[in-house]
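Written below as structure tokens is the structure these notes are about.
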Amino acid sequence: MIGEMSDTDAIDAAVAGVDAGVSALGPMLDRKATGLPLVAGTGHIIDAMKRHGVRRYIGHATPAILDPREKPTPVTRLTGLSRFSLPRAYQEMAGMTSQIMNAGLEWTIVRFIAPKNTPKQERVRVGFFGTDKLGFAVSRADIAAFTAAQVEDKTYIGRAPAISN
């Protein structure tokens with residue numbers, strides 16, 4: 001399905017008949033970018049999911065977005081500095097995830113810091129800042145595999161686990 005984030009008909013058609021919504025959307029990091037199109041588009045996706053009875057949503061974010069039961073740590077504070085260095089991108093990420101977390105869906109937000117173009121690794125660490133040992137780098141292949149597994153894995157519903165290698 002091809003369409004813009006503002007094309008509610010295309011979004012509705014894309015959502016019809018699916019079991020889960022999986023989003024790898026992320027904000028442009030261009031300082032000249034304007035507006036918050038992903039926030040509005042995420043609202044359209046949520047509306048379509050509710051219309052079609054799709055309950056499961058998996059998305060991506062950075063540790064600047066906290067898990068609901070997590071307390072800020074030095075790492076989350078460091079990544080949270082993006083609200084000053086890239087304020088529009090941070091607003092977009094925060095706006096998207098806030099909508100998802102408050103939509104009444106069975107959501108999981110997969111968080112990561114430094115994606116790398118490397119093959120899948122033997123070890124993937126999954127957890128929460130302040131309680132689990134996590135690193136910074138993670139392969140894009142591991143992000144994709146973990147994200148896809150969340151469609152059926154119910155372990156992290158209503159949570160935002162962080163992953164790293």
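The values are calculated or read from the model by the stated rules, or taken from the named source; none is laboratory data. Values in this document were obtained by computation on a predicted structure and should not be read as measured data. With ideal geometry, Cβ positions are generated from the backbone for all residues, glycine too; neighbour counts draw on all protein chains shown. Note: areas computed on protein heavy atoms with side chains; ligands, DNA, RNA excluded. Shrake-Rupley method; radii C 1.70, N 1.55, O 1.52, S 1.80 Å.
Against the main long axis of the alpha-carbon atoms of the chain, helix 140-149 sits at an angle near 60°.
Working from label points 7 Å from Cα in the Cα-to-Cβ sense, the A24 to T73 distance is 2.6 nm. Principal axis extents of the Cα atoms in the range 74-132, from largest to smallest and rounded to whole angstrom, are 34, 32, 26. Other residues with beta-carbon under 14 Å from the beta-carbon of L105 carry, at +1 per Lys or Arg and -1 per Asp or Glu, a net charge of +3. With every protein chain in place and a 1.4 angstrom probe, the accessible-area ranking of H60, H44, H52, largest first, reads H52, H44, H60. Residue-normalised convex hull volume from the C-alpha trace of the chain: 118 Å³ per residue. With 0.36 nm allotted per residue and the present C-alpha distance subtracted, the T131-K154 stretch has 6.2 nm of extension available. For a paramagnetic label modelled on A16 (point 7 Å from Cα along Cα→Cβ), amide N atoms under 15 Å away belong, within the range 53-80, to 53-54. Counting only protein heavy atoms and a probe of 1.4 Å, the accessible surface of the chain is 56% carbon and sulfur.
Using a probe of 1.4 angstrom and keeping all protein chains present, the accessible surface of the chain works out to 54 square angstrom per residue. Hydrodynamic analysis of the range 114-165 uses the Kirkwood radius over alpha carbon pairs. Inserted into Stokes-Einstein at 25 °C and 0.890 mPa s, it gives a translational diffusion coefficient of 215 µm²/s.
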